[in-house]
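Here's the structure, in structure tokens; my notes come after.
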Amino acid sequence: MSGRARGRARGRARGADQTEPARRPGEGESKSMPAPTSSAPAPAPAGGPPGPSGRATYRGGAAVPRPGMGGGEGQVPADELAKMSIGTGDAGQVTQKRRPRYTDPETKPAWITDKRGTSGTALPVKTNYFRLESKPDWHLYQYHVDFNPPVDSKRLKIALLFHHEELLGKTKAFDGMVLFLPHKLQQNVTEVYSKKNFDDTQVRVTITLTNELPPTSPQCLQVFNIIFRRVLTMVDMQLIGRNYFNPKLAVQIPQHKLEVMPGFVTSILRYETQTLLCADISHKILRSDTVLDIMYEMYNRSAGDAFYENCIRKFVGSIVLTRYNNKTYRVDDFEWDLRPTSTFKLRKGEDISYVDYYKKNYSITINDLNQPLLVSRPKKKDIKVGRTEVLYLLPELCCLTGLSDEARADFSVMKDVAAHTRIAPQGRTQTLTDFINQINTNQAVKTEMGGWGLRFSQDLVQINARVAPPEKIMQRYDAVVSINICEIPDDRNDSYLSALRQQVQQDTQMALCILPTNRKDRYDAIKKFCCVDHPVPSQVVVGRTLSKKQMLMSVATKIAIQLNCKLGGEVWHLEIPLKNLMVIGIDSYHDSAKKGRSVGGVVASINPALTRYYSRCTFQHSMQELSDGLKVCMKGALEKYHEVNGALPERIIVFRDGVGDGQLQAVHEHEIPQMIDCFKKAGGTEYSPKVGVVVVKKRINTRFFASLNRGQLGNPPPGTIIDTEVTKPEWYDFFLVSQSVRQGTVTPTHYNVVWDTTGLKPDHMQRLTYKMCHLYYNWPGTIRVPAPCQYAHKLAFLVGQSIHRDPSPALADRLYFL
């Protein structure tokens, strides 16, 4: 049930007694008001508030006080608590089967011996990477640790093992089973004895050497990242979500009640010839007021049942941060009947109220004792590992994270936020250099890193890039248009649909609708009519767009280009030397109308110039193979290509967008064989085209900086290609800066050729990719991704947001979705 539907259900439940006013966020419960109906059975308040370790460690967290909690018992020394969990599995369950460690699949084609291109102009660039330096013969030593009699508590294991610091040394990492040391012990099997402090039981600790790891091993990379996370805490960074931020440097934007907290996204990975630290600037955007403050504002604007519905719509599904432990939680519901004075059970069994809990553990005094509680339910992955408790959060202690849709639509808000988040290349490199200087000069960090025999280089990595030659754009103009204008009496949806039914005939080429406001339901109704019920290309324009006289020519030109594309025209084209080539773009978008269903957009070129396209979409449910709907799309595209060219394509290159690194193996092992099988079945048993599949990745943290006049750093020019140093040895990949950026730092696009039987040289693959970035007709320049990918995204977005059904095949050879 959606948030809005839950709100309506609550409104109906309260509608039995209209004389009783709605309860404000801090008002006491009215005895005559029936209890609101929850969207799911309200669990007993046993989970309690989140504990100090946060959601990631203990769902429900209201546990026996642990080290780090105020007034906790059984504390172990602070340096032992500083040891971060490494390895895999839960150390407390010795017999638990460990999950396999994720490694990048090797997708580099066997025939590729050198993936570097040669064409273009050389350009030295810097990148946001630092070298991780170590001695030439550096190794990491891995030991397995056994306890006899067995010990279940991870904290106790750490205390028993670290009692022998004279043997192990000060630098070590232990997760309860696996011990990592920067040096080798004298014996491969070492036995020592420790005593439990509380009962004097003697425990035999057996330390067995299991592996000598070179710096390139996946286990080493995992340890490097854990060491670096420990280093970040030493320089006053705090973990919020997945990244580290510095709350002390937060910037307030009081006019919008926002706060921007700077931080860094970091990862240490193995690249072509060396291990590198990638560091990029990140920002966490928070509301400076609390959820309770916002609820009071909403109540003052709309009391009554609308208040409850508005709260559900506003907060359910949002992410909140609790500042007392810097953890983030998803709001799943409200519990209107619980109050801070309500009680829950600790793990020991005693009852405690939320007021007393926060006072005891965090020294926080709760001011509003009548506020309802927020509900955060466990996710599927939490339930799988046994975390089934429901968390209850106090709105007074929560603040919203991110920007709402209303804020994103407000130009003033975005402008003020961008002033702090959009950083130019010179400022970005200076911040990164200061960051690594802070790390290398901090005494605690020097001791930690020196103990492991590691250090970071002082300078950003410099790379030799290439700039592809500029492309020659060719255009031609010819058009014949006849127009029939129809005015409607009002702006009701039915009036627009009725006019369309009367005016749209079989020979109608285009329907242009000018609307007074940008209402989504009206737009959806028009698009559904024109794309499904009576297929005809359509263009929707908001009236105020045409009212700005100083921009009228620019707006009219853009609308004319869109009309031309939707009528099947080609606005411009490039020289494509490859013949008998089809380029396909695939992207997906989650359907807003049905949970668990996504829309896959498939767009394929059908002419030699790669300027005309055939498009279809496929609906895919969770756990469903892509090939189910892909066969229909590929068959239709190949038939249309044959109709236009008289032959089937000899080469097919697929640009696959929307694939994360964790999904790469599934694409390589499952999706690509299905895709090739689709081509063969759609083209006939004798048809066997040469196929290339390129995974397109936009959300990356890599940045490049080019030297400008007087030593200043700026964005690399469009066409900059990087295929060395920061690429992966097991991949056939490259970075491309295809777009021009005037503000902030440009983000390159990463391309990974995961399948290639085309026989194209790396130069040809890179140049073709750059050419395709010129052919998106909705922007007068180059874009971040190849045009078929962007067209596929536009198609999937239109269907997933507005139509929710398969568009008519009669429109498949037009760019009707622009």
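The values are calculated or read from the model by the stated rules, or taken from the named source; none is laboratory data. Small disclaimer: the values here were computed from a predicted structure and weren't measured. FYI the Cβ positions are ideal-geometry reconstructions off the backbone, even for glycines, and counts take in every protein chain you see. Note: accessible area is taken over every heavy atom of the protein model, side chains too, but ligands, DNA and RNA are not part of it. Shrake-Rupley method; radii C 1.70, N 1.55, O 1.52, S 1.80 Å.
Residue-by-condition table, conditions (1) closer than 30 Å to Asn128 by Cβ; (2) open to solvent by less than 20 Å² (accessible area, probe 1.4 Å); (3) of a type in the set (Asp, Glu):
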| position | (1), (2), (3) |
| --- | --- |
| Ser740 | yes, no, no |
| Thr749 | yes, yes, no |
| Pro762 | yes, yes, no |
| Val799 | no, yes, no |
| Arg814 | no, no, no |
Item to complete: Inspect the range 690-709 for any residue being among the aliphatic types (A, V, I, L, M), touching a residue at least 60 places away in the same chain (Cβ under 8 Å) and more than 16 Å from Asp756 (Cβ to Cβ) and give the result as yes or no.
Response: yes
Discussion item. Can you report the number of residues in the range 592-616 which are at pLDDT below 90, open to solvent by 10 Å² or more (accessible area, probe 1.4 Å) and either out of contact with any strand residue (DSSP E or B) (no Cβ under 8 Å at 6 or more places or on another chain) or farther than 16 Å from Glu671 by Cβ (or both)?
Written reply: 6
Worksheet item: So how many residues does the range 571-611 have that are closer than 26 Å to Asp806 by Cβ and either in a strand (DSSP E or B) or not assigned by the TED database to the domain that holds Glu639 (or both)?
Response: 18
Worksheet entry | Qualifying residue in the range 366-386 (condition: among the β-branched types (Val, Ile, Thr), open to solvent by less than 80 Å² (accessible area, probe 1.4 Å), assigned to a loop (DSSP other than H, G, I, E, B) and at pLDDT 90 or above) | yes
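For every residue, the table says whether it meets (1) among the polar types (S, T, N, Q); (2) more than 25 Å from the chain's Cα centre (by Cα); (3) within 22 Å of Tyr614 (Cα to Cα); (4) outside the structural domain of Leu664 (by the TED database).
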{"site": "Thr727", "(1), (2), (3), (4)": "yes, no, no, no"}
{"site": "Thr747", "(1), (2), (3), (4)": "yes, no, no, no"}
{"site": "His764", "(1), (2), (3), (4)": "no, yes, no, no"}
{"site": "Arg784", "(1), (2), (3), (4)": "no, no, yes, no"}
Worksheet item: Are any residues in the range 684-738 among the small types (Gly, Ala, Ser) and either open to solvent by 10 Å² or more (accessible area, probe 1.4 Å) or closer than 17 Å to Arg116 by Cβ (or both), and if so, which ones?
Response: Gly684, Ser688, Ser707, Gly711, Gly719
Practice prompt. Select the strands (runs of 3 or more DSSP E) contained entirely in the range 133-201, then report the ones holding at least 3 residues which are in contact (Cβ under 8 Å) with a residue 12 or more places away in the chain and open to solvent by 20 Å² or more (accessible area, probe 1.4 Å).
Written response: 140-148, 189-195
Worksheet entry | Filter pass, Ser288 being at pLDDT below 90 and of a type in the set (S, T, N, Q) | no
Worksheet item: How about the range 77-131: which of its residues are open to solvent by less than 40 Å² (accessible area, probe 1.4 Å), in contact with a Phe, Trp or Tyr (Cβ under 6 Å, 6 or more places away or on another chain), at pLDDT 50 or above and not in a loop (DSSP other than H, G, I, E, B)?
Response: Val125, Thr127, Phe130
Worksheet item: Among (1) open to solvent by 30 Å² or more (accessible area, probe 1.4 Å); (2) within 29 Å of Ser119 (Cβ to Cβ), which single condition is Gln665 missing?
Response: (2)
Worksheet entry | So Ser615, is it among the small types (Gly, Ala, Ser), part of a strand (DSSP E or B) and farther than 22 Å from Leu768 by Cα | no
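Yes or no, residue by residue, for (1) within 30 Å of the chain's Cα centre (by Cα); (2) free of Cβ contacts under 8 Å to residues at least 12 places away in the same chain; (3) surrounded by 12 or more Cβ atoms within 10 Å (Cβ to Cβ):
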residue: Glu406; (1), (2), (3): yes, yes, no
residue: Gln430; (1), (2), (3): yes, yes, yes
residue: Glu487; (1), (2), (3): no, yes, no
residue: Gln503; (1), (2), (3): no, no, yes
